[in-house]
Amino acid sequence: MSIEHLETSGTFSLDGGTWDVDNNVWIVGDEREVLVIDAAHDADAIAKVVGDRRVVAVVCTHAHDDHVNQAPALADRFDAPILLNPAEAPLWEMTWPDRKPDRELNDGDVLRAGGVELRALQTPGHSPGSTCLYAPELGILFSGDTLFQGGPGATGKSYSSYDTILDSIRDRLFTLPGETEVRPGHGDSTRIGAESPHLEEWLAEKE
């Protein structure tokens with residue numbers, strides 16, 4: 001089993017603004033097959049890491065354009081389905097109005113590749129259908145933009161809610177073991193136990 005990390009650079013656009021961003025792309029599986037999590041910015045670079053392995057699915061933690069802008073290209077190149085929570089449809093259609101994801105990614109779904117099992121945990125707040133992927137046997141959580149080192153994902157744009165993301169983090173993520181490694185969509189990794197002590201101060205910020 002392996003977890004490969006690729007950082008790609010591009011832009012994120014929403015609500016009339018555009019920002020430069022660096023994204024984490026995660027490739028999970030083994031020497032035969034993989035899942036690609038959040039196909040961002042550079043399809044060729046991602047494909048180079050995948051190599052000749054079978055792509056079981058291109059999984060989108062949410063549908064902000066910086067996380068899905070290469071999903072169709074990767075899906076077509078490797079003949080793989082795109083998975084996305086259906087609540088993300090309004091955001092997906094901003095980037096891909098003429099193409100739909102191939103399969104729904106719903107809370108509780110289990111994805112498998114190369115002996116790795118990832119469980120989908122729907123964690124709305126950053127966006128309506130934001131979904132984290134938890135590998136209990138590895139003790140790893142791919143958190144998308146729900147939880148970062150130092151705090152929750154941003155909630156200042158359309159389709160987001162600070163109250164909702166705090167509920168998701170408290171009820172879905174901070175119930176995981178404290179040693180669980182958190183691999184986010186941007187920036188450095190962290191652990192559940194390093195972030196959970198800050199919940200009360202995050203809650204105070206919403207009052």
Within the bounds of the stretch 165-175, is there any residue that is on the phi > 0 side of the Ramachandran plot, touching a residue at least 12 places away in the same chain (Cβ under 8 Å) and assigned to a loop (DSSP other than H, G, I, E, B)?
no
Per the filter on the stretch 94-127, residues in contact (Cβ under 8 Å) with a residue 60 or more places away in the chain and hydrophobic (A, V, I, L, M, F, W, C) are M94, L111, A113, V116, L118
Of (1) crowded, with 22+ Cβ neighbours inside 10 Å; (2) of a type in the set (V, I, T); (3) more than 21 Å from I3 (Cβ to Cβ), T95 satisfies every one except (1)
Enumerate the pairs (first residue in the stretch 77-93 and in contact (Cβ under 8 Å) with a residue 12 or more places away in the chain; second residue anywhere and surrounded by fewer than 24 Cβ atoms within 10 Å (Cβ to Cβ) and among the charged types (D, E, K, R)) with beta-carbon separation below 6 Å, excluding pairs fewer than 6 apart on the same chain, so at least 6 apart or on different chains.
P81/D102; P81/R103; I82/D102; L83/R103; P86/E104
Matching residues in the stretch 159-207 - criterion: being among the hydrophobic types (A, V, I, L, M, F, W, C) and under 14 Å from F148 (Cα atoms)
I165, L166, I169, L173, F174, V182, I192, A194, L199, W202
Looking across the stretch 133-159 at residues that are touching a Ser or Thr at 6+ places or on another chain (Cβ under 6 Å) and small (G, A, S), the single one that is surrounded by the most Cβ atoms within 10 Å (Cβ to Cβ) is G144
Tell me, please, whether a residue that is in contact with an Asp or Glu (Cβ under 6 Å, 6 or more places away or on another chain) and modelled with pLDDT of 95 or more can be found in the stretch 162-183.
no
Residues of the stretch 99-129 satisfying the condition of being in contact with a strand residue (DSSP E or B) (Cβ under 6 Å, 6 or more places away or on another chain), surrounded by 20 or more Cβ atoms within 10 Å (Cβ to Cβ) and closer than 17 Å to C60 by Cβ:
P101, L105, A113, L118, A120, L121, T123
Could you say whether any residue in the stretch 40-51 is surrounded by 15 or more Cβ atoms within 10 Å (Cβ to Cβ) and closer than 18 Å to D145 by Cα?
yes
Any pair with Cβ under 9 angstrom, 6 or more apart, that starts in the stretch 33-53 at a residue that is closer than 18 Å to G114 by Cα and ends at one that is of a type in the set (K, R) and in a helix (DSSP H, G or I)
A47/R77; V50/R77
Based on this model, can you work out whether V28 counts as under 18 Å from F142 (Cβ atoms), in contact (Cβ under 8 Å) with a residue 60 or more places away in the chain and surrounded by 22 or more Cβ atoms within 10 Å (Cβ to Cβ)?
yes
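The values are calculated or read from the model by the stated rules, or taken from the named source; none is laboratory data. Bear in mind that the values here come from a model prediction, so they are computed numbers and not experimental data. Every residue, glycine among them, receives a Cβ derived from its backbone with ideal geometry; neighbour counts consider all protein chains shown.
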